[in-house]
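Q: Submitted below is the structure of interest, expressed as structure tokens.
Each value in this text was obtained by applying a stated rule to the coordinates, not by laboratory testing. Since the structure is predicted, the reported quantities are computational estimates derived from the model, not experimental observations. Ideal geometry is used to build each Cβ from the backbone, glycine not excepted, and the neighbour counts take in all protein chains shown.
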């Protein structure tokens, strides 16, 4: 099952690209990513270009963060 997608929204001359995720509880619903965010509206999920939205999709699609210890004392 897909975890994230990008939708194009056009209103007159204005176009925006919004990242959506499956709802955290009602998994069959697609919702704007901010709905699933613990910080609510502070989540930046809408971008002015498709390239910018694609560049940020990894933040919402379940990609795991890689951590590497680079210095330990």
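Q: Taking segment 38-62, which residues are part of a loop (DSSP other than H, G, I, E, B), touching a residue at least 24 places away in the same chain (Cβ under 8 Å) and on the phi < 0 side of the Ramachandran plot? Break it down into steps so the answer makes sense when it comes.
A: Restricting attention to segment 38-62, the residues satisfying the condition of being part of a loop (DSSP other than H, G, I, E, B) are 38-39, 43-45, 48-49, 60-62.
Adding the requirement that they be touching a residue at least 24 places away in the same chain (Cβ under 8 Å) leaves 45, 48-49, 60-62.
Listed by number, the residues that qualify are 45, 48, 49, 60, 61.
Q: Tell me which residues, restricted to segment 50-73, are touching a helix residue (DSSP H, G or I) at 6+ places or on another chain (Cβ under 9 Å) and either closer than 17 Å to residue 15 by Cβ or surrounded by 14 or more Cβ atoms within 10 Å (Cβ to Cβ) (or both).
A: Within segment 50-73, 59, 60 qualify.
Q: Is it the case, given these coordinates, that residue 35 is surrounded by 11 or more Cβ atoms within 10 Å (Cβ to Cβ), in a strand (DSSP E or B) and either free of Cβ contacts under 8 Å to residues at least 24 places away in the same chain or over 13 Å from the mean Cα position of the chain (by Cα) (or both)? Can you show your working first?
A: Details: surrounded by 11 or more Cβ atoms within 10 Å (Cβ to Cβ): yes; in a strand (DSSP E or B): no; either free of Cβ contacts under 8 Å to residues at least 24 places away in the same chain or over 13 Å from the mean Cα position of the chain (by Cα) (or both): yes.
No, not satisfied.
Q: Select, from 65, 10, the only residue that is assigned to a strand (DSSP E or B) and without any contact (Cβ under 8 Å) to a residue 12 or more places away in the chain. Can you show your working first?
A: Details: 65 fails: assigned to a strand (DSSP E or B).
Testing whether each residue is assigned to a strand (DSSP E or B) and without any contact (Cβ under 8 Å) to a residue 12 or more places away in the chain leaves just 10.
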